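K.L.:
Below is one structure. I have some questions about it.
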Amino acid sequence: MREGRRSVAAVTVLAASLAAVASVAAQKPQAGPEFDKATAGMNRHAIAEYVFRTYDCQACHVATAKGAAGFTPRGNEARQGFVGCVRLLTAVNATLGTDVKLRTADERRKEQNFKEFGCTFCHKPTPGKMGFTEIGQRLGALHLGCIQVSQEVSKAGAGK
């Protein structure tokens, strides 16, 4: 009977350990040093793949044989009425001086899209300019903006 309890205990400890490892692996680096550690030794393409998978780009985008990002059903739904990345950032920046209570429904929707679409991963709304987070600055130095990440991932998909 003791052996059975030990086996159950061992399996329980193993399962808890695996769950802890999976939890850590599922965490998304939010600061520059964490991102650097997670992407250490990766080339530009591997970093693009890492960003695409880690920051949920694949929830809306798929690689296409044409080298452009295609859309999942969720992506097709999300892009209905979408104004575009640059316009979205510009619109969010324009609302920074307006009290949240005074913002229009359209402005609130754009702010929600900005968060929901993952723009806050790289961009930090900053009055008068395009602001970047630490990670956004790192990706920018590699010329890996949103479009370039999609293109890099699609390059790999094009050869398949």
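K.L.:
Do we find a residue being modelled with pLDDT of 80 or more and assigned to a strand (DSSP E or B) anywhere in the stretch 80-91?
P.N.:
No, the stretch 80-91 has no match at all.
K.L.:
Residues PHE71, PHE82, PHE114: which one is of a type in the set (A, V, I, L, M, F, W, C), without any contact (Cβ under 8 Å) to a residue 40 or more places away in the chain and in contact with a helix residue (DSSP H, G or I) (Cβ under 6 Å, 6 or more places away or on another chain)?
P.N.:
Answer to the selection: PHE114.
K.L.:
If you don't mind, there's one more thing I want to ask. Being part of a strand (DSSP E or B) and of a type in the set (A, V, I, L, M, F, W, C) is the filter here, so list the residues in the stretch 52-79 that pass it.
P.N.:
VAL62, ALA63, ALA69, PHE71 - these are the residues of the stretch 52-79 that are part of a strand (DSSP E or B) and of a type in the set (A, V, I, L, M, F, W, C).
K.L.:
Please verify whether the stretch 117-132 includes one or more residues that are of a type outside the set (S, T, N, Q), in contact (Cβ under 8 Å) with a residue 40 or more places away in the chain, in contact with a Ser or Thr (Cβ under 8 Å, 6 or more places away or on another chain) and not in a loop (DSSP other than H, G, I, E, B).
P.N.:
yes
K.L.:
Now for a different question. Cβ contacts < 8 Å: first residue in a helix (DSSP H, G or I), restricted to the stretch 133-156; second residue acidic (Asp, Glu), any location; separation 6+ or different chain. Result?
P.N.:
Correct list of pairs: ARG138/ASP36; GLU152/GLU49; VAL153/GLU49; ALA156/GLU49.
K.L.:
When you look at TYR50, is it modelled with pLDDT of 90 or more and surrounded by 15 or more Cβ atoms within 10 Å (Cβ to Cβ), yes or no?
P.N.:
Yes; evaluated as a whole, the condition is true for this residue.
The values are calculated or read from the model by the stated rules, or taken from the named source; none is laboratory data. Values in this document were obtained by computation on a predicted structure and should not be read as measured data. FYI the Cβ positions are ideal-geometry reconstructions off the backbone, even for glycines, and counts take in every protein chain you see.
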